Amino acid sequence: MNRYTFCRRSLAATLLVLAVTAQAAAASGIQLPAYQQIQLENGATLVLLEKHDVPLVTFSASLRGGLIAEPAEKNGVASLTSQLLQKGAGVRDAKAFAEAVAAVGGVFDVSANLEYLGLSGEFMARDTDLMISLLADVLRRPQLRQAEFDKLRNRAIQSLAAMKDSDARGLVGIYARALVFGNHPYAGSDTGSEASLARVSYQDAKDYARDNLSPERLLLVIAGDFDPSAMRSRVEKALDGWTGVGAKITPVPVAKRVPGGRVLLVDKPGATQTYFWMGNIGVSRSDPDKVAIDLVNTLFGGRFTSMLNTALRIETGLTYGARSSLDMPSQPGTVAIQSYTATATTIEAVDLALEQLKSLRTKGLDETQLRSGKTYRQGLFPMGFETAKMLAGQLMSLKFYGLDDNSVNDYARDMEGVSAEKAAAVISRVYPGPNDLVYVFIGNSEVIGEQLEKYGKVTRMSITDSDWTASGE
């Protein structure tokens, strides 16, 4: 054996060792850092996690409610109220509040989500007192000025009109959710519609704030460079005297899958592209097979080299992107395939996506595919826990949905244990067959209308309609 052969074999052996080591490291996963969970006297839940690598303090908070706490006919009031909360609180008006955050390079945001109002922020550790003060003002002393409300509502209506007139990509999922969920609490949009926003009054926003800003609904996670004992004292002092109970939230029922073969066509005259969504009701955040679902969805439509994106983008160039997604709130959300293509290739693109779904359901995933997906997921998962901001967000989500720490700590191990049989069972249970799909299209009805009848009964509406459902739906 010559020196070259020896070196080559040594290099191969070294690479093999490195590969095995990397795989073992990925499989070992991550462990959540130690944290404290405290129930405050007023009912609020406080979670504290120290992370001293950089002098930053970040918070992620939720107030249970969100869109599901809106009156059905006032969809959008949660979003308007969340924005209004930042337009003046305590002694600061909208301008002073924004300047207080910007002056120290901080970040402060409030948003309306499906099941909660979300609050988040990040400040230098030296500005912790300011951060806590601003947060307490928003929760306890929002100004809720009518002039600011009027501006926000008008801007929201104008923004929706502008989206419909330009790139409607972000709207197809909204139409789909309204179609699939109907009268269910999950049918609402985080923006509202032009029609529902017009029905939201200033008094509605004040009533929503009164009913939803209460301590027993608050889950507050703070992570970063601080002493836990001192931080607890700061928070307790800032929230001292804040009491009360919010309006009752009606439990969300489990939505059943709707019959397949329904097609909603949202006519956008002159459109050169068709945006399409096809899916149905899927699974909840607490589904016992969530790890296997993550793996299957990654391989089917959750990464660049997925089955869907490979077929529709890489190999055929029919689109710039195709994906599958699962919305997983407390009760089952949606599972869907989503993409867009030139008007002339609408049917070709949809049929090709359906072929991939059929292949997934009939052939499943082989060991090579599963190995690739596991390595990808095990490498990607820890990246969501790198910073204090990420940890705060992850912990907030974990606690909000009542998930065990082991859903993080054991993720890599559980991912490694997903078998071909488990993947096949998940595919059969979670992903609807072509006959069980509901379809939504935004495109030029004059060109594609008749062609879409092959997928089911077509209901038409106009992109200019002020609501998300067709008349009579």
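The values are calculated or read from the model by the stated rules, or taken from the named source; none is laboratory data. Just so you know, these numbers come straight off a predicted model, no measurement behind them. Reconstructed Cβ throughout: ideal geometry from the backbone, glycine too, with neighbour counts over all protein chains shown.
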In the range 426-473, residue nearest to residue 347 (Cα to Cα) [restricted to those that are within 26 Å of the chain's Cα centre (by Cα) and polar (S, T, N, Q)]: 469
Tell me whether the range 347-358 contains one or more residues that are surrounded by fewer than 21 Cβ atoms within 10 Å (Cβ to Cβ) and among the polar types (S, T, N, Q). no
Report yes if residue 317 is at positive phi and over 22 Å from the mean Cα position of the chain (by Cα), otherwise no. yes
Looking for whichever is surrounded by fewer than 20 Cβ atoms within 10 Å (Cβ to Cβ) and either closer than 21 Å to residue 448 by Cβ or not β-branched (Val, Ile, Thr) (or both) here; the options are 306, 339, 325. Which one fits? 325
Only one of (1) at positive phi; (2) out of contact with any Lys or Arg (no Cβ under 8 Å at 6 or more places or on another chain) fails for residue 228. Which number is that? (1)
Can you tell me which residue within the range 220-270, out of those that are of a type in the set (Lys, Arg), over 16 Å from residue 35 (Cα atoms) and surrounded by 12 or more Cβ atoms within 10 Å (Cβ to Cβ), is farthest from the chain's Cα centre (by Cα)? 234
When the range 229-257 is checked residue by residue, the ones that are touching a Leu at 6+ places or on another chain (Cβ under 8 Å) and among the hydrophobic types (A, V, I, L, M, F, W, C) are 231, 235, 238, 239, 242
Go over the candidates 148, 194 one by one and state the one that is modelled with pLDDT of 95 or more, in contact with a Ser or Thr (Cβ under 9 Å, 6 or more places away or on another chain) and more than 23 Å from residue 399 (Cβ to Cβ). 194
Hey, among 412, 470, 388, 423, which residue is modelled with pLDDT under 95 and aliphatic (A, V, I, L, M)? 470
Report, by residue number, each residue of the range 69-87 that is among the small types (Gly, Ala, Ser) and in contact with a Phe, Trp or Tyr (Cβ under 7 Å, 6 or more places away or on another chain). 78
Could you list all residues from the range 283-332 that are among the aromatic types (Phe, Trp, Tyr) and either touching a helix residue (DSSP H, G or I) at 6+ places or on another chain (Cβ under 6 Å) or not assigned by TED's automatic domain parsing to the domain that holds residue 357 (or both)? 300
Among the residues of the range 75-84, is there at least one that is touching a strand residue (DSSP E or B) at 6+ places or on another chain (Cβ under 9 Å), more than 17 Å from residue 204 (Cβ to Cβ) and not in a strand (DSSP E or B)? no
Given the criterion within 19 Å of residue 243 (Cα to Cα), within 25 Å of the chain's Cα centre (by Cα) and not assigned by TED's automatic domain parsing to the domain that holds residue 397, identify the matching residue among 80, 40, 63, 114. 63
